[in-house]
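Every read-out reported here was derived from the displayed coordinates using simple, explicitly stated rules and does not represent laboratory data. Keep in mind that what you see is a predicted model, and the values were worked out from it rather than measured. Positions of Cβ are backbone-derived with ideal geometry, glycine not excepted, and every protein chain shown enters the neighbour counts.
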Amino acid sequence: MSAGPTLFDHSPLDAALADLKRDLTAAGGPAISTIQNYRFAIMVYAPKDEFRLRTAISRMSDDLRRADWDVLSISLQAMLLNRVRAMGDEWLESRIAREKSLSRRSPERHLNFLINEIAPKLEGEGGIADDVAARIDAFADQGLDPNRTVIFIGRAGALYPFHRSSALLKLLDGRTRNLPVVLLYPGQRGDGNALSFMGRVPADRDYRPRIYS
């Protein structure tokens with residue numbers, strides 16, 4: 001009869017988080033990437049572990065701050081909601097009414113309606129990547145030590161199905177002031193660098209950052 005889990009059992013997520021913290025705090029500065037001037041990493045976790053991941057990253061952030069690190073947490077959910085609210089009450093109320101009407105007739109039609117309405121507000125130039133870059137700029141303007149700084153980009157699941165994380169990373173390339181950035185990625189990892197956003201989008205291999213999973 002096999003024993004149940006013990007206090008000392010560690011999940012793959014625990015191991016990946018430990019690896020990330022070890023590499024962030026490496027003696028020569030954060031070693032989360034093997035590509036010079038591209039200090040990105042991706043922490044992959046199962047969507048069902050969202051709250052567990054948030055708790056772990058919060059604890060890691062507190063530990064780093066106590067060691068005199070500067071830590072910035074960026075919520076993609078908050079940025080999405082800010083963009084939607086910026087459209088104004090009239091725009092929002094009319095879209096809600098239309099979505100409710102479509103949902104009664106066809107779940108597929110109401111989802112496509114939401115995608116068509118929201119996705120263009122997030123994609124490309126002037127999209128949500130600009131909001132992220134602006135937050136990073138304001139943070140970097142404080143004159144930080146890049147070897148004792150980290151930026152966590154989280155709540156990425158809120159972008160599904162409106163925007164792909166691979167597109168976000170492409171648009172952030174060269175706009176992070178060479179500070180270490182970790183994207184918290186809800187999804188599944190296939191072979192190599194193949195990642196499936198939320199475990200629902202077809203696996204995408206177009207990822208340059210180091211992947212922790």
**Q.** Selection within segment 28-55 - buried (at least 20 other Cβ atoms within 10 Å of the Cβ), more than 20 Å from Gly190 (Cβ to Cβ) and touching a Phe, Trp or Tyr at 6+ places or on another chain (Cβ under 9 Å)
**A.** Ile32
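Are any residues in segment 138-174 assigned to a loop (DSSP other than H, G, I, E, B) and not basic (Lys, Arg), and if so, which ones?
Restricting attention to segment 138-174, the residues satisfying the condition of being assigned to a loop (DSSP other than H, G, I, E, B) are 141-145, 155, 160-164, 173-174.
Answer for segment 138-174, where residues must be assigned to a loop (DSSP other than H, G, I, E, B) and not basic (Lys, Arg): Asp141, Gln142, Gly143, Leu144, Asp145, Tyr160, Pro161, Phe162, His163, Asp173, Gly174.
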Q: Restrict the check to segment 113-132 and report whether at least one residue is within 23 Å of Met60 (Cα to Cα) and surrounded by 15 or more Cβ atoms within 10 Å (Cβ to Cβ).
A: yes
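Anything in segment 116-137 that is hydrophobic (A, V, I, L, M, F, W, C) and without any contact (Cβ under 8 Å) to a residue 12 or more places away in the chain? List them, or say none.
Start the filter on segment 116-137 by keeping residues that are hydrophobic (A, V, I, L, M, F, W, C), which leaves 118-119, 122, 128-129, 132-134, 136.
Result: Ala134, single match.
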**Q.** Single match in Ile42, Ile74, Ile96 (criterion: touching a Pro at 6+ places or on another chain (Cβ under 7 Å), hydrophobic (A, V, I, L, M, F, W, C) and either part of a helix (DSSP H, G or I) or within 16 Å of Val181 (Cα to Cα) (or both))
**A.** Ile42
Q) With respect to the numbered conditions (1) assigned to a helix (DSSP H, G or I); (2) more than 30 Å from Arg66 (Cβ to Cβ), which one is the sole condition not fulfilled by Tyr207? A) (1)
**Q.** Options Ala156, Ala138; residue that is within 30 Å of Leu17 (Cα to Cα) and exposed (fewer than 13 other Cβ atoms within 10 Å of the Cβ)
**A.** Ala138
